[in-house]
Every structure is written in structure tokens, then in C-alpha cells.
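> Quick one: this structure, given as C-alpha cells, is what I'll be asking you about.
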Amino acid sequence: MADDFTKTHARADDIDTSKESSARAKTIAEHHRMKIFQALAEGGPQTSDEIASQVGLLTHQVIKRVSDLRNDGVVVDTGERKPTRTGRPAAVWKLKDKQLEMFEAE
């Protein structure tokens, strides 16, 4: 299941530093999601590795957020595969057509 970005992930009985950290992580995750969305909207279909290079994130950060975006119905796997820097096949992601239309209308 995708992360719910409307609330933090700290427990009610956590200390204040845990709650602050959770709120900060929520903000960072949402910022990463927006960077990835914009990269796909402007650059078209890409692998997580390509997105990471374009937006200045680490590949594992992009993989996590692309998974969230996929679970939220924002991005889809094109079915195409491209080799990564290590030669392994990687999924190519794109915005769902409806998401892209919304972005282009803005």
C-alpha cells in the first residue's frame, strides 16, 4: 500500500523528536514525488535510474516514490525495459494519460 501523505507515521506515545522526524520525512517524500512527477511530465517515459539522474536523487529514493506513485494510480509501467548502468533490465515508467493531460492543462 502507498504511503498516506495526509498524516505522519509517528505513534501518539512517541517522543517529540520522533514526531518531528516523521513530519519532516513526510514533507521530503512529497517533495520527491513532485520532482519525479515533473520529470516524467517534462521528459516522458524513463527508468528510475534516469529519473534519479535528472532530478538529483538517489535511485533507491526514486524507486520508493515511483512505487508509491504506481500504487496511487499516477504512473504505469510501459512494459518496455532498458538496461541500467550495471546492465540489468529496468522498467520504464510513464505518467498515466489522465495525469499527463492534467499537467499539460496547467
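> Within region 62-77, track down each residue that is within 10 Å of L95 (Cα to Cα) and surrounded by 15 or more Cβ atoms within 10 Å (Cβ to Cβ).
Hits for region 62-77 are L69, R70, V74, V75, V76.
> Filter region 41-61 down to the residues that are assigned to a helix (DSSP H, G or I), surrounded by 17 or more Cβ atoms within 10 Å (Cβ to Cβ) and touching a residue at least 40 places away in the same chain (Cβ under 8 Å) and list them by number.
Those that are assigned to a helix (DSSP H, G or I), surrounded by 17 or more Cβ atoms within 10 Å (Cβ to Cβ) and touching a residue at least 40 places away in the same chain (Cβ under 8 Å): S48, D49, I51.
> Can I ask one more? Can you work out which of the residues in region 17-43 that are of a type in the set (D, E) and modelled with pLDDT of 90 or more is farthest from L95 (Cα to Cα)? Don't jump to the end; show me each part of the working.
Quick first cut of region 17-43, residues of a type in the set (D, E) only: 20, 30, 42.
Of the ones still in play, those that are also modelled with pLDDT of 90 or more are 30, 42.
Details: E30: 17, E42: 10 Å.
Result: E30.
> Can you find a residue in region 24-45 that is within 22 Å of R85 (Cα to Cα), more than 9 Å from the chain's Cα centre (by Cα) and hydroxyl-bearing (S, T, Y)?
The answer is no, given that none of the residues of region 24-45 is within 22 Å of R85 (Cα to Cα), more than 9 Å from the chain's Cα centre (by Cα) and hydroxyl-bearing (S, T, Y).
> Here is a further query. Residue by residue through region 74-101, note down the ones that are over 16 Å from T59 (Cα atoms) and either outside any strand (DSSP E or B) or in contact (Cβ under 8 Å) with a residue 60 or more places away in the chain (or both).
V74, K96, D97, K98, Q99, L100, E101
The values are calculated or read from the model by the stated rules, or taken from the named source; none is laboratory data. Being a predicted model, the structure only gives us computed values, none of them experimental. All Cβ positions, glycine included, derive from the backbone under ideal geometry; neighbour counts span all protein chains shown.
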